[in-house]
Amino acid sequence: MTSLTPGFASPLDAQACFRALLTAFGDPGRAVTLADGLAPPAGLSSAAAAVLLTLADATTPLAADLPAPALHWLGFHTGAPFTTPETAEFCLAGSAPPLSSLRQGSETAPEHGATLILDLPDLVSGRRCRLSGPGLAAPRETTLPLPASFLADWAEQRRQVPRGVDVLLCAGRRLLALPRSLAIEPA
Amino acid sequence: MNAPSPARPAWLGLLARAPRGAIEPLLAEAPALPGFIRLRGPEIGMSMVRGRAGGGGAAFNLGEMTIARCSIRDEDGFVGHGYVAGRDGALAELIARLDAALQNAARHASLHAAVLAPLAAAEATRRAADEARAAGTEVRFFTLATMR
């Protein structure tokens, strides 16, 4: 007996999620809302589940600290192998680990840097930050639900461009991208 | 989680090899399959076939083949998978439903008698006919043996 549940109803849902991710990474700091219709198991927000179903596959090692049914669900639908956060291409967590502990990529292959997916209760609480960088014509002031230690890690990571980690914040059906090219300062 | 039945690979193989259109008529005689939800698919994709020439040496990539697959969960909570050569997603779904029902001890015996046993018998007949036809073309080099 098992409680395995369906993933995306149609491949079009994955394409819509991919489009939303492009929008989010192209306009850092703006939250985009994904379509309804995905019912992931407990412990996994709809947005984080949709992102992993869209991006993860058998070639992208995944690290996730989740209850067993949610891990089984992700494994079944993505085919991704599970690994430790240090070696994962996608790392799903409820709170940010030190960014330097994740895969950073190399000078010649920065695309091998990990993507950290933070599954949070909401995207509106937290501290005021000023974002600037590629994709933003003018600096954007917004509220990010991230601790001070994350901002320090982020400033440290900015010194080793193009190596580093991209971050996606997910809550409910909403997601917000922080590409590694972005500068984040307390406002 | 139930341990997978050791007979499961055999029935999945039997269902996947059954000729098109052979399963539906048998199901008409069998008890109805339980309701289900689709977990994945039906979807069509490619699979790399690997093999050894003549059964020896290292395996190499022979080529890709088209497969259809489907995974379902039935009302009793059993998850079934169907894989079949070709592009017939409906057949893959039907095999997945049968796979789920066959894992259920309460349904296994009647489905085995109604579906698997006739399919296995038909396959054995087909195989025997092929072997008989092949045997007719076998060349025995008895002349070489007797001329020595």
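Considered as a group, the residues in segment A:34-59 that are assigned to a helix (DSSP H, G or I) and of a type in the set (Val, Ile, Thr) include one that is surrounded by the fewest Cβ atoms within 10 Å (Cβ to Cβ), and that residue is A:54.
Return yes when residue A:31 is within 14 Å of another protein chain (Cβ to nearest Cβ) and surrounded by fewer than 19 Cβ atoms within 10 Å (Cβ to Cβ) and no when it is not. Judged against the criteria, residue A:31 is not a match.
Yes or no, residue by residue, for (1) among the basic types (Lys, Arg); (2) at positive phi; (3) buried (at least 16 other Cβ atoms within 10 Å of the Cβ):
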| site | (1), (2), (3) |
| --- | --- |
| A:112 | no, no, no |
| A:124 | no, no, no |
| A:138 | no, no, no |
| A:151 | no, no, yes |
| A:157 | no, no, yes |
| A:161 | no, no, no |
| A:173 | yes, no, yes |
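In segment B:103-119, which residue that is touching a helix residue (DSSP H, G or I) at 6+ places or on another chain (Cβ under 6 Å) and of a type in the set (A, V, I, L, M, F, W, C) is farthest from residue B:8 (Cα to Cα)? Among residues in segment B:103-119 that are touching a helix residue (DSSP H, G or I) at 6+ places or on another chain (Cβ under 6 Å) and of a type in the set (A, V, I, L, M, F, W, C), the one farthest from residue B:8 (Cα to Cα) is B:114. Based on what the data block shows, is residue B:76 within 14 Å of another protein chain (Cβ to nearest Cβ), more than 26 Å from residue A:53 (Cβ to Cβ) and in contact (Cβ under 8 Å) with a residue 40 or more places away in the chain? Yes.
Taking segment B:7-115 and the strands (runs of 3 or more DSSP E) fully enclosed by it, the elements with 1 or more residues that are at positive phi are at B:36-51, B:60-74.
If the condition is being of a type in the set (Val, Ile, Thr) and either within 14 Å of chain B (Cβ to nearest Cβ) or within 23 Å of residue A:10 (Cβ to Cβ) (or both), then segment A:60-87 contributes A:60, A:78. Residues in segment B:81-94 that are buried (at least 17 other Cβ atoms within 10 Å of the Cβ), away from every other protein chain (no Cβ under 11 Å) and in contact with a Ser or Thr (Cβ under 8 Å, 6 or more places away or on another chain): B:82 only.
No lab work stands behind these numbers, since they all come straight from the coordinates. For clarity, every value in this text was computed on a predicted model and none was experimentally measured. We place every Cβ from the backbone using ideal geometry, glycine too, and count neighbours over all the protein chains shown.
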